[in-house]
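Peer 1: Starting off with a structure, shown below.
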Amino acid sequence: MDKYCVFGNPIKHSRSPFIHQSFAKTTKQTLHYDTCLVELGSFTEAVNDFIAKGGKGANVTVPFKEQALTLADELSDRARLAGAVNTLTFKDGKIYGDNTDGEGLVQDLLRNTVQLENSRILLLGAGGAAKGVVLPLLAQNPKSITIANRTISKAERLIEQFNNDKLIVCGFEQTAEQEFDVIINATSASLSGKLPAISASIITSNMVCYDMVYGKSVTPFLAWAQLKGASRVIDGLGMLVGQAAESFDIWRGVKPSVDPVINELRASLNAE
């Protein structure tokens, strides 16, 4: 039986095994998918051991995505530009690295009928989460993508890689002077119960606000956006399932339906 796993630390509460086993069931694929707790400093050994045991591919989560980048023999453009790998494929003695996070985000936005083409997108944050989504967002032909960050120089370094005149950089406070159609929160603020330092004046009644984080309850950013009048708010659960679907397609050559899995995960979250 073909074997897959997700490498991470911590990893116990990962939903990836449930997601991929669900995909396998609905697409009639025979495979086994498990979690793999990796001790810090042992990532390369863990990957090589998994390959030796017949592993066909793996997902990679924190804190090993950058190490996975350096371990891969060949990289996709989106992995190279993201500076991180979340999907490894082991084939013909080589390790192939890809990053499906951005495509997972884009597909979830499209699934929720969010207009991306010719839209003005505000991306909050310039860290790893933001880097991974710029290329897939650009592929949707938006009017502009403004990357706002507390440290402007970090956002400037991010856009240097892309050489695209649709990319704009500013500080959080400067967003108040602009108009947007879609706001995507790629900061870690919601994980600590905080808000990105942006003005409420940019929230409008026809705006969509998206948070890459998800949880049992509405994230602080989305709750704030709703309170300030945003027409629609969407959390990152669909992005999680969407990036997994993209990985599954890379490995198995079939794109699974994400809706049933998202619904099941949402129900289990609400029941916790």
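Peer 1: Of the numbered conditions (1) among the charged types (D, E, K, R); (2) over 17 Å from the mean Cα position of the chain (by Cα); (3) not in a loop (DSSP other than H, G, I, E, B), Lys131 satisfies every one except a single condition; which is it?
Peer 2: So Lys131 meets the others, but not (2).
Peer 1: Pairs please, first residue from segment 156-172 and under 10 Å from Thr146 (Cβ atoms) and in the same structural domain as Ala126 (by TED's automatic domain parsing), second anywhere and among the basic types (Lys, Arg) and assigned to a helix (DSSP H, G or I), Cβ atoms under 8 Å, 6+ apart in sequence or on different chains.
Peer 2: Nothing qualifies.
Peer 1: Could you tell me which of the residues Thr30, Thr35, Thr61 is hydroxyl-bearing (Ser, Thr, Tyr), farther than 13 Å from Phe248 by Cα and free of Cβ contacts under 8 Å to residues at least 40 places away in the same chain?
Peer 2: Every option except Thr35 fails the conditions.
Peer 1: Working only within segment 173-202, note down all residues that are under 25 Å from Gln107 (Cβ atoms) and of a type outside the set (S, T, N, Q).
Peer 2: Correct list: Phe180, Asp181, Val182, Ile183, Ile184, Ala186, Ala189, Leu191, Pro196.
Peer 1: Take the residues of segment 18-34 that are closer than 17 Å to Phe7 by Cα and under 21 Å from the mean Cα position of the chain (by Cα): which is surrounded by the fewest Cβ atoms within 10 Å (Cβ to Cβ)?
Peer 2: For segment 18-34, the residue satisfying everything is Phe18.
Peer 1: As an exercise: evaluate Gln178 against (1) free of Cβ contacts under 8 Å to residues at least 24 places away in the same chain; (2) over 26 Å from Glu103 (Cβ atoms) and give the number of the one condition it does not meet.
Peer 2: With (1) free of Cβ contacts under 8 Å to residues at least 24 places away in the same chain; (2) over 26 Å from Glu103 (Cβ atoms) applied to Gln178, the lone miss is (1).
Peer 1: Does segment 77-86 contain any residue that is acidic (Asp, Glu), under 21 Å from Ala129 (Cβ atoms) and touching a residue at least 60 places away in the same chain (Cβ under 8 Å)?
Peer 2: Among the residues of segment 77-86, not one is acidic (Asp, Glu), under 21 Å from Ala129 (Cβ atoms) and touching a residue at least 60 places away in the same chain (Cβ under 8 Å), which makes the answer no.
Peer 1: Taking the conditions exactly as written (closer than 27 Å to Leu75 by Cα and surrounded by 19 or more Cβ atoms within 10 Å (Cβ to Cβ)), does Ala148 satisfy them or not?
Peer 2: no
Peer 1: Also, quick follow-up: Filter segment 256-272 down to residues that are surrounded by fewer than 17 Cβ atoms within 10 Å (Cβ to Cβ), assigned to a loop (DSSP other than H, G, I, E, B) and modelled with pLDDT of 95 or more, then give me how many there are.
Peer 2: Going through segment 256-272 one residue at a time, the tally reaches 1.
Each row is one residue, and each column tells you yes or no for (1) surrounded by 24 or more Cβ atoms within 10 Å (Cβ to Cβ); (2) of a type in the set (Ser, Thr, Tyr); (3) closer than 27 Å to Tyr4 by Cβ.
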site: Ala58; (1), (2), (3): yes, no, yes
site: Asp73; (1), (2), (3): no, no, yes
site: Arg80; (1), (2), (3): no, no, yes
site: Gly104; (1), (2), (3): yes, no, yes
site: Leu123; (1), (2), (3): yes, no, no
site: Ala126; (1), (2), (3): yes, no, no
site: Pro136; (1), (2), (3): no, no, yes
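The values are calculated or read from the model by the stated rules, or taken from the named source; none is laboratory data. Since we're looking at a predicted model, the values are computed, not measured. Because the Cβ atoms are built from the backbone with ideal geometry, glycine has one as well, and the counts that use them run over all protein chains shown.
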